[in-house]
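The values are calculated or read from the model by the stated rules, or taken from the named source; none is laboratory data. None of the values given here were measured: they were computed from a predicted structure. Counting neighbours? That spans all protein chains shown, and the Cβs are built from the backbone with ideal geometry, glycine included. SASA here: full protein model, heavy atoms, side chains in, ligands and nucleic acids out. Shrake-Rupley method; radii C 1.70, N 1.55, O 1.52, S 1.80 Å.
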Amino acid sequence: MKLGENLFHLRKKNHLSQEELAEKIKVTRQTISNWELGETAPNPEQLKQLSKEFNISIDELLDNDIRKVIEEKISNTEKLAGMIIKILKAIGIAILVLFMIDIFYFFLFTFVKFTNYDHGTKKKTSIRCTFHEKEYSYELTYFEESGKIIESSGDSYLIHITNTKNVDNSYQLMDQIDAYIKNNGGNCNRKDLK
């Protein structure tokens with residue numbers, strides 16, 4: 001709405017004639033008419049007087065609705081802040097999901113690693129050796145896939161003389177016993193049990 005139209009509506013709303021408003025502002029009725037028709041405009045001092053008379057701001061009188069501009073800027077700022085918050089939430093959720101996937105794979109591969117070594121087909125084997133005219137035997141129960149020893153029993157002399165106390169792989173243990181005995185003039189036979 002233009003100043004003239006705004007002035008006309010405000011004057012009518014306050015039940016003032018052009019003459020009555022002209023007296024209060026100290027201008028002629030014709031000046032008020034010219035303002036309302038948009039032929040001329042009030043000077044800054046007259047705008048102040050009109051503002052006081054109608055109890056509105058000069059911006060409202062001139063239809064410079066600053067409030068709408070501010071509200072629009074605030075609204076745009078709120079929209080931008082809302083979008084940023086949504087983006088940050090999405091990034092946070094993505095990071096959380098990736099972290100959970102990492103944890104899942106860590107436990108999965110850890111479990112698979114241990115299950116590969118700790119499970120599988122159990123096998124039992126024995127080794128009988130003749131060494132310095134004495135017979136020695138040793139039995140092992142182990143997982144066939146990994147060679148990990150589950151249980152062992154027999155003559156500790158074989159383990160002691162071959163220095164295999166800390167070996168936990170059945171294939172290595174049997175090979176070391178066999179190699180030591182043969183290298184020192186003995187003889188070994190291996191036999192798979194049930």
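May I ask you to list the residues in the range 181-192 that are surrounded by fewer than 11 Cβ atoms within 10 Å (Cβ to Cβ) and among the small types (Gly, Ala, Ser)? If the condition is that a residue be surrounded by fewer than 11 Cβ atoms within 10 Å (Cβ to Cβ) and among the small types (Gly, Ala, Ser), then GLY185 is the only one that fits. Residues that are loosely packed, with under 14 Cβ neighbours inside 10 Å and assigned to a helix (DSSP H, G or I) within the range 25-36 comprise just one, GLN30. Before we move on, is GLU39 open to solvent by 60 Å² or more (accessible area, probe 1.4 Å), over 18 Å from SER17 (Cβ atoms) and not in a loop (DSSP other than H, G, I, E, B)? No. Filtering the range 1-49 to residues that are hydrophobic (A, V, I, L, M, F, W, C) and either touching a Leu at 6+ places or on another chain (Cβ under 8 Å) or closer than 13 Å to LEU61 by Cα (or both) leaves MET1, LEU3, LEU7, PHE8, LEU10, ILE25, ILE32, TRP35, ALA41, LEU47. Here is the figure for the range 124-155: residues that are of a type in the set (Val, Ile, Thr) and farther than 11 Å from ARG190 by Cβ total 4.
Selection over the range 131-180 of residues that are touching a Lys or Arg at 6+ places or on another chain (Cβ under 8 Å) and open to solvent by 80 Å² or more (accessible area, probe 1.4 Å) gives a count of 2. In the range 55-64, the count of residues that are among the charged types (D, E, K, R), part of a helix (DSSP H, G or I) and surrounded by 12 or more Cβ atoms within 10 Å (Cβ to Cβ) is one or more.
Figure legend. Inter-residue proximity from the range 38-67: first residues touching a residue at least 60 places away in the same chain (Cβ under 8 Å), second residues in a loop (DSSP other than H, G, I, E, B) and not acidic (Asp, Glu), beta-carbon distance below 7 Å, spacing 6+ or different chains. Indicated pairs: ASP63/MET1; ASP63/LYS2. For the range 162-178, the criterion of a residue being among the small types (Gly, Ala, Ser) and within 18 Å of THR141 (Cβ to Cβ) is satisfied by at least one position. Residues in the range 131-184 that are charged (D, E, K, R) and without any contact (Cβ under 8 Å) to a residue 40 or more places away in the chain: GLU133, LYS134, GLU135, GLU144, GLU145, LYS148, GLU151, ASP155, LYS165, ASP168, ASP175, LYS182.
All of (1) open to solvent by less than 70 Å² (accessible area, probe 1.4 Å); (2) of a type in the set (Val, Ile, Thr); (3) in a helix (DSSP H, G or I) hold for THR77 with one exception: (1).
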